[in-house]
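Asks: My structure is below; once you've seen it, I'll send some questions.
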Amino acid sequence: MLESVEVGAVIPAAGSGKRMNVSVNKIMLPLLGRSVLEHTLEVFLASDLIKILVLVVKTDEKDGVYHQIRGIDNKYGKKIVFVDGGAERQESVVNGLEYLRRWTGWKVRKRLVVIHDAARPLLTKELLRQSLMAGLDYGAVGIGVPLKDTIKQVDSEGIVVATPDRSKFWGIKTPQIFDLDLLLECYQKVNESGLLFTDDCGVVEYCGHPVKLIPGSYENLKITTPEDLILAEAILRRRENADRPGI
Ligand code: CTP
Ligand code: MG
């Protein structure tokens, strides 16, 4: 079914990782011998469904990132294109989308884009495939998980205002998948409005287009604070051992 469409990936990697509290961008940190970014890229490089990979990086980190991942794309016979990031995630994503809009390598009219945070190195090939299939069906798809913690709404003094029904809320992750033309159109409207969004589904919701959420995995965590690295390493180690039974 995916033969009639082509898929481009935008991987925003141009943040600063302030909450990680280290001197380098957190996507360069090691996880079982490879960087967070390398783990993330490999899932997309290994997927036959992805036609082009756009990696959005800070201008002054381009050389460092290039050297760290050098050769990784050749291994899979696929090219990674570098695009400059912006001050906010939204700006970084728009720069990646603009590259895809102008890219001359598209062979079919129906174009999908999958956006995935560089800081989520635990995405599996299978979840990526499922997400893309849903993207084809719905045109705007996010991956989420039911919340585990009870949610409290608080005022500016930290006093609880309400306890909403948790079953109605999902935590949202990436990948998020869209019809490329739809997302470009929605980002144009949002940019004219001056609003800032922390996820791309929000941009499509703002334009009044329905967004489908499909259940993902709790393992697909975002490396944000130091303990996320410990969890991620434990999950990767378990996966490696599962691939090598008896060890
Ligand atoms: N990102 C980006 N451009 C920005 C900000 C963020 O491309 N101006 C990317 C990050 O590199 C990351 C993803 O968006 O892969 C999700 O953002 P987040 O986890 O918030 O990363 P940082 O912004 O780097 O971290 P922090 O908010 O702690 O500074
Ligand atoms: Mg951030």
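Asks: With a cut-off of at least 1 residues that are within 16 Å of ligand 2 (Cβ to nearest atom), name the strands (runs of 3 or more DSSP E) lying wholly within region 1-105.
Replies: 5-12, 50-57
Asks: For residues in region 1-23 being aliphatic (A, V, I, L, M) and away from ligand 1 (no atom under 11 Å from the Cβ), which is surrounded by the most Cβ atoms within 10 Å (Cβ to Cβ)?
Replies: Only one residue fits best here, namely A9.
Asks: Given the residues Q130, Q153, Q90, which is the only one that is more than 27 Å from E219 (Cβ to Cβ) and polar (S, T, N, Q)?
Replies: Among Q130, Q153, Q90, only Q153 is more than 27 Å from E219 (Cβ to Cβ) and polar (S, T, N, Q).
Asks: Could you list, in sequence order, the residues of region 168-209 that are more than 14 Å from ligand 1 (Cβ to nearest atom), modelled with pLDDT of 95 or more and among the hydroxyl-bearing types (S, T, Y)?
Replies: Listed by number, the residues that qualify are Y187, Y206.
Asks: Moving on. Would it be correct to say that G194 is of a type in the set (G, A, S) and over 21 Å from the mean Cα position of the chain (by Cα)?
Replies: Yes; evaluated as a whole, the condition is true for this residue.
Asks: Filter the strands (runs of 3 or more DSSP E) completely within region 139-237 down to those with at least 1 residues that are surrounded by 15 or more Cβ atoms within 10 Å (Cβ to Cβ).
Replies: 140-146, 170-179, 212-215
Asks: Further question on the same structure: I'd like to check something: does region 52-74 contain any residue that is more than 9 Å from ligand 1 (Cβ to nearest atom), modelled with pLDDT under 95 and under 18 Å from K125 (Cβ atoms)?
Replies: Yes.
Asks: Filter region 205-247 for residues that are hydroxyl-bearing (S, T, Y) and within 16 Å of ligand 2 (Cβ to nearest atom); which is nearest to I27 (Cα to Cα)?
Replies: T224
The values are calculated or read from the model by the stated rules, or taken from the named source; none is laboratory data. Keep in mind that this is a model prediction, so the values were computed, not measured. Heads up, the Cβs are rebuilt from the backbone with ideal geometry, glycines too, and the neighbour counts pull from every protein chain shown.
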